[in-house]
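Since the structure comes first, as structure tokens, the remarks are kept for the end.
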Amino acid sequence: MNDAITMLRADMRDEHAAIIQYLQHAYAIGEGEEACEIEAIARDEMRHLRWLAEMVVELGGDPTMERGEVDGSGAGPVEWMARDIAAEERAIAQYKEHIAAIDIDNDNPRVVRLLKRILSDEMAHKEAFSGLAEELAEEAAKAEKAAQQGETISPRVFEILNQGVRHEYTVILQYLYHSFVIPHRDVGRELDMQAINEMQHMGWLAEEVGELGGHPRMEHAELTLEGDTTAMLEADIAAEREVTRVYGRQIKELEDADLKALLTRIREHEIYHDELFNDLLEQVQERE
């Protein structure tokens, strides 16, 4: 593995960590302009992750779905923003180091161009988080009071919602990786689109956890990454069928009508994904 690929994979791990750290903070803050701005920064980091993965593949490497360190510490929005500012400062330093280390003559010059593009985003993100820290400091007392007034929620409700977060996070990574490496472009594009849909699901579930006074657990289960296109699609179909069964059982446990409706909607999407992936599998097998 050449040095450029090694550096790009390290950057992928840190972008992955930034996505999760920022989404955790956005979901915990709840609805509002600040949460939307943090989610927008997380989406920037998602684009960075994809760009880096595509460059790794272009250079003949294997993208990584491993995650760097997520700083889950901090007691409230102001402290969370301090952690996010620190994350951006580390990213800025690392991208500068990698840009300086790459041999433009021997490495693809597009690597340097990409890293400089990402660096400019990270510098803007640092400034954005600094502004958010000031805004959230003014709202911290109000948010604390609202949390104290929240109703008592059954631990099982949080368990169900966080199980959903875990599943959705897992398939996001699995589908994205498959979209990066599958040689059939039409299949890769479709997997990418369904990964975006799973991101929506993770967001809906995590926001419910935050609004109920809990904290979303952003950890994924084991990923199925190896194999040819057929094996990958079969693994994705199996994942959809398993979670459809799980959501079906959980819907019956819930008493809250809104939560039942949310899980029902997500379950219907998973059934659609199952059918769609089966169609893709048939198309791939017909070509072979």
Next item on the list: Among what's in segment 218-233 and is within 11 Å of Leu281 (Cβ to Cβ) and surrounded by 15 or more Cβ atoms within 10 Å (Cβ to Cβ), pick the residue that is farthest from the chain's Cα centre (by Cα).
Entry: Thr229
Margin query: List pairs: first residue in segment 11-37 and closer than 18 Å to Val165 by Cβ, second residue of a type in the set (Lys, Arg) and part of a helix (DSSP H, G or I) anywhere in the structure, Cβ distance under 9 angstrom, at least six positions apart or on different chains.
Written below: Ile19/Arg43; Gln21/Arg83; His25/Arg83
Margin query: For Gly203, only one of the following conditions fails: (1) part of a helix (DSSP H, G or I); (2) under 19 Å from the mean Cα position of the chain (by Cα); (3) surrounded by 20 or more Cβ atoms within 10 Å (Cβ to Cβ). What is its number?
Written below: (3)
Next item on the list: Please specify each residue of segment 53-70 satisfying the condition of being within 15 Å of the chain's Cα centre (by Cα) and not hydroxyl-bearing (Ser, Thr, Tyr).
Entry: Ala53, Met65, Glu66, Arg67, Gly68, Glu69, Val70
Note to self: Let me confirm something: among Gly72, Gly68, which residue is in the same structural domain as Met7 (by TED's automatic domain parsing), surrounded by 14 or more Cβ atoms within 10 Å (Cβ to Cβ), modelled with pLDDT of 95 or more and outside any helix (DSSP H, G or I)?
What the structure shows: Gly68
Next item on the list: May I ask you to list the residues in segment 167-189 that are more than 16 Å from Gly203 (Cβ to Cβ), surrounded by 20 or more Cβ atoms within 10 Å (Cβ to Cβ) and charged (D, E, K, R)?
Entry: none
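The values are calculated or read from the model by the stated rules, or taken from the named source; none is laboratory data. Quick caveat, the model's predicted, so the values are computed rather than measured. With ideal geometry, Cβ positions are generated from the backbone for all residues, glycine too; neighbour counts draw on all protein chains shown.
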